[in-house]
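What follows is a set of notes on a single structure, which appears directly below.
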Ligand code: FE2
């Protein structure tokens, strides 16, 4: 008995679609396709992103099913991201799922995007009982799994680490004008560290003060752009590492799951790897394609939610822009 699901991810700038199969208790990702709206100086305008998603839907749907080597009639159910994300963008994904489910006479279910970020890395890395470090544009959270639910131990008190780096890249007019531009400059061999505001409160971090400070430095010409980028990155990651180490020690865990788009940053994974090894723990990673926004994580989580059988009816249709990882039970994980 196998279960095939097609998932749609449309929470922000990426339209993703994926087919995954569960067979014999194992989940296999058969295809993971995407179309990404380009990073522009104007930033992301939700209406334009939603139009982009709608325009790319048909071609991506056909590509995803074709790459999976299945037919539409092989699908047992459909899943989509119900939140968190931008309302306009989420609605496109929900509409596609409802229409596809209706056309194929199969159920459609909504999946928590934040939870899916954690679950794909936890599942693929074989982590059993981790501290989760979830880092993306709008999110920076440190969580642990207890009593069948992810609990937030600490988080950013203002902006997510990805948005912090994106805004820094934009205000320094880097190319590209985002976190990638910051990371490119920060990797220059002659970068020098200049002190930046460093905020860790309990297991939470704060980045807005550092952004203002870095912008002021750049305007005053007080440091080179690459030194600002390098110093901001090192300081932001160091604060996150300290908060993670506090969580690891408090909860006596031996695994750190790094998930979310900023998990692709090699400097961050290197620093968290040190935190893990210095505490006798393991850093659990997944391939880059499963860290940024992707539909494979929605497909995999939908299959975990379903268990052995396809859902009997539609569930959680609609969208919730401010859904959090700790807002629902992770009932499919059985701890010893
Ligand atoms: Fe995301």
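The values are calculated or read from the model by the stated rules, or taken from the named source; none is laboratory data. The structure displayed is predicted, hence computed values, not measured ones. Here the Cβ is made from the backbone with ideal geometry for all residues, glycine too, and neighbour counts use every protein chain on show.
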Review point. Somewhere in the stretch 160-179, is a residue buried (at least 21 other Cβ atoms within 10 Å of the Cβ), at pLDDT below 95, over 17 Å from the mean Cα position of the chain (by Cα) and within 26 Å of residue 251 (Cβ to Cβ)?
Key: no
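Being under 18 Å from residue 142 (Cβ atoms), assigned to a loop (DSSP other than H, G, I, E, B) and touching a residue at least 40 places away in the same chain (Cβ under 8 Å): is that true of residue 193 here?
Working: under 18 Å from residue 142 (Cβ atoms): no; assigned to a loop (DSSP other than H, G, I, E, B): yes; touching a residue at least 40 places away in the same chain (Cβ under 8 Å): yes.
The answer is no for residue 193.
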Exercise for review: Scan the stretch 147-165 residue by residue and report those that are farther than 14 Å from residue 84 by Cβ and free of Cβ contacts under 8 Å to residues at least 40 places away in the same chain.
Suggested key: 147
Check your understanding: In the stretch 288-303, what residues are surrounded by 21 or more Cβ atoms within 10 Å (Cβ to Cβ) and either away from the ligand (no atom under 13 Å from the Cβ) or without any contact (Cβ under 8 Å) to a residue 60 or more places away in the chain (or both)?
Key -> 299, 300, 302, 303
Review point. Do the conditions hold for residue 30, that is, is it within 13 Å of residue 300 (Cβ to Cβ), within 22 Å of the chain's Cα centre (by Cα), without any contact (Cβ under 8 Å) to a residue 60 or more places away in the chain and in the same structural domain as residue 95 (by TED's automatic domain parsing)?
Key: yes
Practice item. Could you grab me the full set of residues in the stretch 153-164 that are in a strand (DSSP E or B) and away from the ligand (no atom under 16 Å from the Cβ)? Key: 153, 154
Check your understanding: Taking the condition closer than 22 Å to residue 264 by Cβ, away from the ligand (no atom under 16 Å from the Cβ) and either in contact with a helix residue (DSSP H, G or I) (Cβ under 9 Å, 6 or more places away or on another chain) or modelled with pLDDT of 95 or more (or both), does residue 123 pass?
Key -> yes
Review point. If we scan the stretch 136-150, do we find a residue that is modelled with pLDDT of 95 or more, assigned to a helix (DSSP H, G or I) and more than 11 Å from the ligand (Cβ to nearest atom)?
Key: no
Point to revise | Subset of the stretch 110-135 [in contact with a strand residue (DSSP E or B) (Cβ under 8 Å, 6 or more places away or on another chain) and part of a helix (DSSP H, G or I)] | key: 113, 114, 115, 116, 117, 118, 120, 121, 122, 123, 125
Practice item. Check off (1) within 18 Å of the chain's Cα centre (by Cα); (2) at pLDDT 95 or above; (3) not assigned by TED's automatic domain parsing to the domain that holds residue 218 for residue 85 and give me the number that stays unchecked. Key: (2)
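Identify, please: which residue in the stretch 219-267 is part of a helix (DSSP H, G or I) and within 16 Å of the ligand (Cβ to nearest atom) and is, among those, nearest to residue 174 (Cα to Cα)?
262
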**Study point:** Failed criterion for residue 106 (all others in (1) away from the ligand (no atom under 16 Å from the Cβ); (2) part of a loop (DSSP other than H, G, I, E, B); (3) outside the structural domain of residue 306 (by TED's automatic domain parsing) hold)
**Key:** (3)
Check your understanding: Does residue 85 qualify as being within 16 Å of the ligand (Cβ to nearest atom) and assigned to a loop (DSSP other than H, G, I, E, B)?
Key -> yes
Review point. Does residue 318 qualify as being more than 17 Å from residue 125 (Cα to Cα), free of Cβ contacts under 8 Å to residues at least 40 places away in the same chain and in the same structural domain as residue 105 (by TED's automatic domain parsing)?
Key: no
